[in-house]
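Beneath this line is the structure, given in structure tokens, with notes to follow.
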Amino acid sequence: MDSREKHSKSFWDFDDVNTVYILNAHVVAATAVAGLFGVWYWVRRLRSVPAPIIPDSLQSGTPSDEITLIGFPRVSDVVSSCSPYVAKVEAWLRFLPVIRHGKNTVADSYFIIKYLEQTYSEAIPRLSAEQEALSVALQHLVDDCLMRGLAYHRWIQPQGFEGVKRHFMKGVPEPLRSMLLQQQRPAVQNALHKQGLGRHSERDINLMVDEGLAALSAILGDKRYLLGGQPCVADASAFGFLDNVLFDTNCVNPGLREIALQYDNLAAYTERIRSDYFEGELTWEETY
């Protein structure tokens with residue numbers, strides 16, 4: 001076999017290389033077409049999937065049934081739950097006369113309180129239309145703004161999260177406990193980013209929280225409760241937030257507490273509710 005024949009059968013023969021290039025081009029084209037078809041298929045499929053049917057929350061129940069409040073337990077010196085939303089519901093329960101409840105399950109603090117208002121309508125203080133409107137506005141200020149600031153200072157701010165890792169979910173054995181907490185942090189971060197607050201610096205978040213607290217303080221003034229002499233749902237929301245900010249000394253970045261302590265009437269208001277309504281603490285049965 002002469003050198004020309006050896007060269008023609010070489011792997012690096014020009015014609016062979018050209019063929020490889022052509023074959024590769026066809027493979028790339030086929031892959032691209034298949035990829036586009038896959039995208040088209042899944043877009044069609046996702047568009048055709050109906051939205052999940054979410055049942056409406058229960059409207060009311062039987063007043064004689066026993067009530068069980070399920071949520072996270074206390075942390076540090078907080079008198080209620082480390083979740084301000086659970087604390088909000090407990091505060092509202094304590095504002096009402098002694099009541100009992102059964103088998104109905106209602107999720108979300110907003111709907112739990114609506115359910116209680118319907119079930120125990122005779123025990124609910126009556127508000128004027130203007131007071132009701134102000135109560136709703138204050139609930140949104142706390143639940144949709146201030147609570148997110150608390151979540152940031154617990155779960156995202158490094159000093160706060162160090163406390164969370166030491167004090168949250170103590171009943172869960174390691175290493176499962178650490179794994180669950182580490183998984184929860186990016187979920188909170190993602191939720192705050194989508195909502196908008198998580199897109200800002202810590203300084204800017206503090207400015208927004210401070211503005212909300214200033215508004216809450218101005219509305220409270222020298223009154224016993226936000227709307228006068230009797231507590232309402234807005235007080236339950238405010239207390240759930242303030243009790244966690246002022247008395248969770250382990251898991252909340254101290255910077256947030258310093259902002260809240262600027263408002264003497266809010267600190268006194270929180271102490272007053274703790275004294276008036278939380279002398280007999282609920283017994284938390286820790287189950288995981």
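The values are calculated or read from the model by the stated rules, or taken from the named source; none is laboratory data. Worth saying up front: this structure is predicted, and the values here are computed from it rather than measured. Ideal geometry is used to build each Cβ from the backbone, glycine not excepted, and the neighbour counts take in all protein chains shown.
Among the residues of this structure, ASP235 counts as one that is assigned to a helix (DSSP H, G or I), closer than 24 Å to VAL78 by Cα, of a type outside the set (Gly, Ala, Ser) and in contact with a strand residue (DSSP E or B) (Cβ under 6 Å, 6 or more places away or on another chain).
Candidates ALA215, ALA236: the one that is surrounded by 20 or more Cβ atoms within 10 Å (Cβ to Cβ) and among the small types (Gly, Ala, Ser) is ALA236. When the test is whether a residue is in contact with a Phe, Trp or Tyr (Cβ under 6 Å, 6 or more places away or on another chain) and closer than 23 Å to ALA91 by Cβ, ALA260 does not pass it. Residue check: is ARG185 in contact with a Cys (Cβ under 9 Å, 6 or more places away or on another chain), modelled with pLDDT of 90 or more and under 21 Å from ASP248 (Cα atoms)? Taking the combined requirement at face value, the residue does not satisfy it. The set of residues in the stretch 216-246 being among the aromatic types (Phe, Trp, Tyr) and within 19 Å of the chain's Cα centre (by Cα) consists of PHE239, PHE241.
Against the criterion of being closer than 26 Å to GLN159 by Cβ and either in a loop (DSSP other than H, G, I, E, B) or in contact with a Pro (Cβ under 9 Å, 6 or more places away or on another chain) (or both), VAL252 qualifies. Here ILE70 passes the criteria (1) modelled with pLDDT of 75 or more; (2) part of a loop (DSSP other than H, G, I, E, B) except the one numbered (1). Condition first: more than 17 Å from LYS88 (Cβ to Cβ) and either in contact with a strand residue (DSSP E or B) (Cβ under 9 Å, 6 or more places away or on another chain) or of a type in the set (Asp, Glu) (or both). Now tell me which residues in the stretch 116-148 satisfy that. Listed by number, the residues that qualify are GLU122, GLU130, GLN131, GLU132. Across the stretch 119-134, not a single residue is classified as under 21 Å from the mean Cα position of the chain (by Cα), within 16 Å of ALA234 (Cα to Cα) and modelled with pLDDT of 80 or more.
Return yes or no: is GLY171 surrounded by fewer than 16 Cβ atoms within 10 Å (Cβ to Cβ), under 30 Å from ARG272 (Cα atoms) and of a type outside the set (S, T, N, Q)? Spelling it out, it is not the case that GLY171 is surrounded by fewer than 16 Cβ atoms within 10 Å (Cβ to Cβ), under 30 Å from ARG272 (Cα atoms) and of a type outside the set (S, T, N, Q). Of the residues ASP210, ASP204, ASP222, the single one that is at pLDDT 90 or above, farther than 24 Å from GLU90 by Cα, surrounded by 14 or more Cβ atoms within 10 Å (Cβ to Cβ) and assigned by TED's automatic domain parsing to the domain that holds VAL164 is ASP210. Checked against (1) surrounded by fewer than 20 Cβ atoms within 10 Å (Cβ to Cβ); (2) in contact with a Gly (Cβ under 9 Å, 6 or more places away or on another chain), MET179 passes all but a single condition, namely (2).
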